[in-house]
1. Where does each of 62, 277, 153 land when they are ranked from fewest to most other beta-carbon atoms within 10 angstrom?
2. Can you give me the P(r) profile for region 177-311? Cα pairs, bins 10 angstrom wide beginning at 0, each as a whole percent.
3. Note down the relative contact order for region 9-68 as a percent, whole number, built from C-alpha pairs under 8 angstrom at least six residues apart.
4. How many angstrom lie between the Cα centre of region 388-414 and the Cα centre of region 521-577?
5. I'd like the per residue volume of the convex hull spanned by the Cα atoms of region 1-111, given in cubic angstrom.
6. Quick one: Cα centre-to-centre distance for region 26-47 and region 423-457, in angstrom?
7. Considering Cα pairs under 8 angstrom that are at least six residues apart, work out the relative contact order of the chain and quote it in whole percent.
8. Which order do 29, 264, 245, 199 fall in if you start with the one that has the fewest other Cβ atoms within 10 Å?
Ligand SMILES: Cc1cc2nc3c(=O)[nH]c(=O)nc-3n(C[C@H](O)[C@H](O)[C@H](O)COP(=O)(O)OP(=O)(O)OC[C@H]3O[C@@H](n4cnc5c(N)ncnc54)[C@H](O)[C@@H]3O)c2cc1C
């Protein structure tokens, strides 16, 4: 995926990544994989069973082994790999960081949220903080010695962030006093690091209503002395932790700020603009959670399908049993998981590569193209991958039969853990609205059109035993073009009613194109004489792409009536209380 679909080798041409040898990336990922398997993955189950607990004094104790695993993560430096070397980062591309983050998330999603939120806070500070703010906060957050949070949500302000009421009163010394309550704050309080750098959205005294009036502040758990050492405790507190369906390892805090000292980032009333700069990367990271948990669920399901034996195959004598992996229906479930996993990975990695181009290409046109591609792909990565994360972890349970429903196999945990992915960081409904309201109209539909042109050219380039895939893929591309044109011509509620199925169709077709591209490379390498394990790997790439394009892409064309029927029937529906 990195080499053949995301073309990670191209990144070496950007000055920032001149030192990144594409041939060394595989070794780096291998090393990271070992670390996450050995150090983080074993904490997944205990994290789920024990959960993080709030103590009567407002402190929070994380499950057994989490402090140690976090400390080892900081020492190993995996969390810092894709950050700017100026702040102690490894200077690797986002796409490499994302591949590492995928493994961290597979290992323990609840745990992975701590570095994930820190990463979002670093991006915001890096883009909008003053030099002094960056120097004070960012290096310690890049190293992981301090962690970060994002405080947006309040009881009345969820999707509608503009409804938030937390107050920021300007003090004589230029700092602000922050007062208000935030809910659902991920890793809002914990025991794994010395300080927590909360980024808090609040309103100044004369701010207009809605998103325009929002400012963003750094509000640390502990103030920092001039020499960089930790100073006095700030007046903020975790007043409770939520009891949740999953990600029990992650403390989800209700935070009370009582005149806490805050430092304005950027100008007053530019908070939402600042948030938007980190939103693409945060949304991609959440989309990645769908992929990461589907991957772990798949690995477990494959293992179970070899271990579990049952009778019932036509070729077996009475009383004989065989591994369930021999049943076509079980193979259908496993291959559906594998094909969607590879499709999601292709989409997410391309999305990250586009972000790298947007930020680091020397050529302005390439930066612009990267930015546009990242903008279009982000809602797809976020919503499609988390929806699929739900569906595929459910299939993972199904492969286990009754044992999947029993907690001790661990299959059910993945299903519970990923459920939140479709909800936070902008619900998937909001992502679909973003796609049709902001992204599809870019250049009057041409930004999405260019992406579909790529899918079409990958389809047309297929040959030999892949040539039967050209037709279903091109039919998918044509359906996307027709649906996109309809949505552009029918704005308002009519288009809003079709947004979610359109996102699903478009994501499937675009990812199908990427799998076709990868399959074409695999085919060429096989023809050039690949042998042994490499040949088997390449053959399996072609099998997976064939299944995806022949069976999964055409199934999505059935969404066309849902996309283009407008709002009439939804408006006619009268839910009765
Ligand atoms: C475990 C967990 C961790 C979280 N972590 C954080 C965090 O660290 N920081 C933080 O600030 N927040 C966090 N959140 C909050 C999260 O981002 C919100 O729950 C989310 O944005 C949705 O808001 P809501 O819950 O108020 O749902 P609502 O906004 O009430 O939405 C309810 C339903 O209505 C739909 N809906 C709402 N408005 C519209 C619209 N305009 N158009 C179409 N449909 C709409 C939604 O799609 C959804 O299906 C977390 C939440 C959870 C559960």
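Every number here is computed from the coordinates shown, using simple stated rules; none is lab data. Treat the numbers as computed from the prediction; the structure is a model and nothing was measured. All Cβ positions, even for glycine, are placed from backbone atoms using ideal geometry, and neighbour counts span all protein chains on display.
1. Neighbour counts put them in this order, fewest first: 277, 153, 62.
2. 10, 29, 31, 16, 8, 5, 2, 0
3. On the way: 33 pairs, mean separation 11.7, N = 60.
Taking the mean separation of contacting Cα pairs over the length of region 9-68, I get 20 percent.
4. With region 388-414 and region 521-577 each reduced to a Cα centre, they are spaced 22 Å.
5. So the per-residue Cα hull volume is 112 Å³.
6. Each part's Cα centre sits 34 Å from the other's.
7. Relative contact order here is 13 percent.
8. With the sparsest Cβ surroundings first, the list reads 245, 29, 264, 199.
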